[in-house]
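S.K.: The structure is given below, and queries will be raised subsequently.
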Amino acid sequence: MTISGEKLGAKLYNLRRAGRISLPKAAALYAQGSRHMHNTSWKEDEAFDKGQTVDYQDFEYQEPEDDGEATYSHAHGWGIENQLPEEQAYTAVVTDAEVMGASYENWNALRDQLQVYMASTAMSLTNAGLALEQIANDYAATDAAAAAELREQSKGLDERPEIPEVKHPYSPHDTITVHYDTPDVETPWGDVGLPDGDTEVLKDEPTNPLKGE
């Protein structure tokens, strides 16, 4: 059964409302989720990097250099060298950033995959919303009475909510520079002033982008 006129206009309003409000709201939540997930990668190498005691047998002995110290190159090809006196070379501590905790690789893959899903879902919902609103407009263009009803019902309809920019793995982080003052340190010889400085920190992200909080 074909509908037209005011009934069609009411149906088209539902399409417009879904395309302009409902789907963009859902897209905003997924987009914000991709940003929150992305922020967990901020300085993650520092969080997962841990010193690892490596047995002396993992190192290959080389003849001492001119300074009298032997070089022990790690056999696993991590690209590091430890300059240690021979009598102290039974163990060595590896602190290279590539030496991460055992959970790093699994966590990194899981986080990146979830972030990609959130970002792609946000973009799909955004595009679907635009398509629904365009469909409503196209149908209204073919029926004057439906178009009039659509305009009437749309008078109180809110504007499309702002959708945060999605973040993909390896996207740049949004940071700000914060200046900090270092207090003087009391010593038996008097107060010692330490230099102030600047540091980069992540920008605050809203918990709910629809409420701005």
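S.K.: Say the dipole of the range 148-213 comes from +1 at the beta carbon of Lys and Arg and -1 at that of Asp and Glu; which of 201, 176, 148 then lies farthest toward its positive end?
M.R.: Farthest towards the positive pole: 148.
S.K.: Sorting 30, 104 on the 10 Å Cβ count, fewest up front, what's the list?
M.R.: Values: 30 21, 104 16.
The most exposed by this proxy come first: 104, 30.
S.K.: Just report the Cα centroid separation between the range 141-174 and the range 15-41, whole Å.
M.R.: 13 Å
S.K.: Counting other beta carbons within 10 Å of each residue's own, what order do 41, 171 fall into, fewest first? Kindly include the intermediate steps, with their values, before the conclusion.
M.R.: Values: 41 19, 171 15.
Neighbour counts put them in this order, fewest first: 171, 41.
S.K.: Quick one: order 151, 111 by neighbouring beta-carbon count within 10 Å, fewest to most. Please report the intermediate quantities before stating the final value.
M.R.: On the way: 151 12, 111 16.
With the fewest neighbours first, 151, 111 line up as 151, 111.
S.K.: Okay, next question. Alpha carbons only, please: Rg and Dmax for the range 173-212, in angstrom.
M.R.: When restricted to Cα atoms, the range 173-212 yields Rg and Dmax of 17.4, 56 Å.
Each reported figure results from applying straightforward, stated rules to the coordinates on display, with no laboratory input. This structure is a prediction, so every number in the text was calculated from the model and none was measured. Every residue, glycine among them, receives a Cβ derived from its backbone with ideal geometry; neighbour counts consider all protein chains shown.
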